[in-house]
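Worksheet for the structure shown next.
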Amino acid sequence: MILTISQIIGKIGESIEVSFSEQIENTTGYPDVVCFSEPVEVKGTLTNTKKGMLFKAEGKIEAEYLCSRCLETVKIPISFNMNEIFYQAGSIERENEKEAETFCDNQIDFTDIIQRNILANLPMKVVCKEDCKGLCSKCGKNLNEGQCDCNHTEFDPRLESLRTLFNVDEEV
Ligand SMILES: [Zn+2]
Ligand SMILES: [Zn+2]
C-alpha cells in the first residue's frame, strides 16, 4: 500500500488520485477475524498542502467472523473515512512525530493508517442474527435449525457453583 508521490512534491495545491485494492492475507492483530473475504478498497485523493500531504479517502473491506453463539460464518462489511495529514519526516518536532503520520523521500505508505481504521471499525461481538439461539450445550446441535431432544430443565452446574460462592461470601 505504498504510493509514489513525486508528481506533487514541491507543488502546493496539487493533488493526485489514490486508488488501490489489496487482499489482506494476514489477520494477526485483528481479533476474532477469521479472514478478510474481500480486499480492502481505498479511493480518494492526496493533496499537497502547506502543512503536509492531506489524505482524504474512503475505505471498505469485508471481514469474516464466526457467530459467537452458533459458530456459523458471518460476513461483516466495514467502511471508513480517512482524513489525515502526512507530514514530511523531520519537518515537525520529534515529540509530535511519534503520533503523526509521516513520510520520507517521495513515497507514502498507507499500511498503518488503513490497519488502524479497519481495527477501529471492527465489531466487538458478532452474532449471525439478534435472536440467534446458539448451540445446545449438551449435544451441540444448532438450535436455529430446530430443537434437540436434550433435557434443558436440569440445573446448570456453572450456576450452582456461583451460588455456592455467593453463600460463602454471605457468611463472612
Ligand atoms: Zn448464530
Ligand atoms: Zn441438545
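Between the helical axis of 111-121 and the longest alpha-carbon principal axis of the chain there is an angle of about 40 degrees.
Would you mind pulling out the separation of the Cα centroids of the stretch 100-148 and the stretch 15-89, in Å? Answer, in whole Å: 13. Amide H contacts of residue 102 (H built 1.01 Å from N, in plane; Pro and chain starts excluded): 87 sit under 5 Å, all sequence-distant by 5 or more or on other chains. Sites listed here are GluC sites (Glu not before Pro) in the stretch 40-124 whose DSSP assignment is loop and whose Cβ has at most 11 other Cβ atoms within 10 Å: 93, 99. For residue 133, the amide hydrogen comes within under 5 Å of the amide hydrogens of 144, counting only partners 5 or more places away or on other chains and with H modelled in the peptide plane. Quick one: which of 75/129; 11/51; 43/129; 60/133 span more than 19 angstrom between C-alpha atoms? Check vs 19 Å cut-off fails for 43/129; 60/133.
Karplus-derived 3J(HN,Hα) values for the stretch 62-77, using 6.51 cos²θ - 1.76 cosθ + 1.60 with θ = phi - 60°, are 10, 10, 9, 10, 10, 4, 6, 9, 10, 6, 6, 6, 10, 9, 10, x Hz; glycine and proline are entered as x. Counting only Cβ charges, +1 for Lys and Arg and -1 for Asp and Glu, the dipole size of the stretch 2-121 around its Cα centre is about 340 debye. Quarter the surface of the alpha carbon convex hull of the chain and you get the mean projected area, 16.3 square nanometres. Helix 157-171 and the longest principal axis of the C-alpha atoms of the chain enclose an angle of approximately 90°.
For a label point 7 angstrom out from the Cα of residue 71 toward its Cβ, which stretches of the stretch 104-137 have the backbone nitrogen within less than 20 Å? Of the residues in the stretch 104-137, 125-137 have backbone N under 20 Å from the label point off residue 71.
Once the Cα-Cα distance is subtracted from the 0.36 nm per residue extended length, the residue 43 to residue 107 segment shows a gain of 21.3 nm.
Read-outs: derived from the displayed coordinates by stated rules, not from any lab. Here the structure is a predicted model, which means the values were calculated and not measured. Every residue, glycine as well, gets a Cβ built from its backbone with ideal geometry; the counts of neighbours run over all protein chains shown.
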